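Only one structure is covered here, and it is reproduced in the block below.
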Amino acid sequence: MLWVFGGVAVVAIAIFGYTMGAGSSGAAVTSPIEVEGLGDPETLVEMAQGVTLGQADAPITLVEFGDYQCPGCRSFATSVKPQIELGLVQSGEAKFVFYDFPLVSIHPHSFLAARAARCAGDQGMFWEYHTEIFNNQSTWSSKQSVVGDFVDYAGNVGADTDAFDSCLKSDRHAATVTANMRLGEELGITGTPTVMVSRGEGMARRLSSFDYATIQDVVQSLQEEAAAEGSGGTGQGGS
């Protein structure tokens with residue numbers, strides 16, 4: 001399944017906004033739902049949708065499977081991701097793709113938080129909300145009910161709170177988040193954050209350490225491989 005982060009993943013990313021089974025159930029869906037067809041790899045790749053930051057044709061892809069209620073993911077989002085954006089994404093060297101992987105057994109609000117970010121994304125404010133919800137994780141994470149907080153955060157980033165509230169209090173994006181979780185499971189992911197790096201359609205490298213220096217080193221290694229291939233090198237002296 002690691003090939004999903006090559007060319008096929010670009011197709012799935014490009015259709016962000018498409019939601020299988022999205023509708024209004026009158027209540028906020030806070031846990032995974034039954035989605036037909038996820039057992040088929042091709043269907044799963046089409047339905048699992050990462051959200052991309054950066055140029056779609058960037059040669060390097062950085063992928064995070066993350067959970068909004070996970071303290072480690074908060075640390076990554078607030079300290080490492082900004083460095084990735086400044087050092088690699090803005091230059092066009094890499095794109096960053098976020099896939100939801102809520103650990104619902106230990107983080108009861110994580111699924112709703114993933115849906116909330118995508119509801120903000122409907123208004124073009126996914127990344128602003130992504131940052132806002134991580135910045136406020138210590139405030140909402142321990143509460144019994146978080147719907148009001150999530151609506152407030154939408155207002156903080158400039159979203160239409162009525163439209164956001166309607167989205168949140170429904171099952172919209174529940175199928176997409178569920179599919180992302182299933183994709184992560186198929187890739188053998190058990191914890192968050194999980195970070196992978198790939199070049200083109202090559203196999204993704206799963207990082208055991210995801211500080212910015214390590215990510216830089218891996219990206220540089222992939223760039224050197226590309227340069228060697230471009231100059232007709234045999235690759236025998238690769239990284």
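The values are calculated or read from the model by the stated rules, or taken from the named source; none is laboratory data. Since this is a predicted model, take the numbers as computed values, not measurements. Positions of Cβ are generated from backbone atoms using ideal geometry, with glycine treated the same way; all protein chains shown enter the neighbour counts.
Is it fair to say residue 159 is under 30 Å from residue 207 (Cα atoms), buried (at least 19 other Cβ atoms within 10 Å of the Cβ) and of a type in the set (A, V, I, L, M)?
On the way: under 30 Å from residue 207 (Cα atoms): no; buried (at least 19 other Cβ atoms within 10 Å of the Cβ): yes; of a type in the set (A, V, I, L, M): yes.
No: the conditions fail for residue 159.
The sole residue among 215, 189, 133 that is part of a loop (DSSP other than H, G, I, E, B) and modelled with pLDDT of 95 or more is 189. Cβ separations smaller than 9 Å between residues 6+ apart or across chains give the following pairs from the stretch 159-172 residues that are under 15 Å from residue 30 (Cβ atoms) and touching a residue at least 24 places away in the same chain (Cβ under 8 Å) to residues that are assigned to a loop (DSSP other than H, G, I, E, B) and charged (D, E, K, R): 167/122; 172/122. Quick check on my filter: what residues within the stretch 32-75 are over 11 Å from the mean Cα position of the chain (by Cα) and polar (S, T, N, Q)? Scanning the stretch 32-75 gives 43, 55, 61, 69, 75.
In the stretch 98-153, the residue that is surrounded by the fewest Cβ atoms within 10 Å (Cβ to Cβ) out of those that are of a type in the set (Val, Ile, Thr) and closer than 27 Å to residue 56 by Cβ is 131. Considering each residue of the stretch 102-116 in turn, none proves to be within 13 Å of the chain's Cα centre (by Cα), of a type in the set (Lys, Arg) and under 30 Å from residue 222 (Cβ atoms). Sub-6 Å Cβ pairs linking a first residue in the stretch 202-216 that is over 16 Å from residue 192 (Cα atoms) to a second residue that is at pLDDT 95 or above and part of a helix (DSSP H, G or I), at least 6 apart or interchain, are 212/80; 212/83, ordered by first then second residue. If only residues of the stretch 171-216 that are among the polar types (S, T, N, Q) and touching a Lys or Arg at 6+ places or on another chain (Cβ under 9 Å) are counted, the one that is farthest from residue 46 (Cα to Cα) is 194.
Set side by side, the residues 65, 98 differ, and just one is under 22 Å from residue 124 (Cα atoms), touching a strand residue (DSSP E or B) at 6+ places or on another chain (Cβ under 6 Å) and without any contact (Cβ under 8 Å) to a residue 60 or more places away in the chain, which is 98.
Quick grid of which residues meet (1) under 30 Å from residue 27 (Cβ atoms); (2) β-branched (Val, Ile, Thr); (3) not in a loop (DSSP other than H, G, I, E, B):
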| position | (1), (2), (3) |
| --- | --- |
| 84 | no, yes, yes |
| 88 | no, no, yes |
| 103 | yes, no, no |
| 107 | yes, no, no |
| 115 | yes, no, yes |
| 119 | yes, no, yes |
| 129 | yes, no, yes |
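For residue 158, all conditions in the list (1) part of a loop (DSSP other than H, G, I, E, B); (2) under 15 Å from residue 68 (Cβ atoms) hold save one; what is the number of the exception? For residue 158, the failing item is (2).
For the stretch 46-82, how many residues meet the condition of being of a type in the set (Gly, Ala, Ser) and not in a helix (DSSP H, G or I)? So the count comes out to 6.
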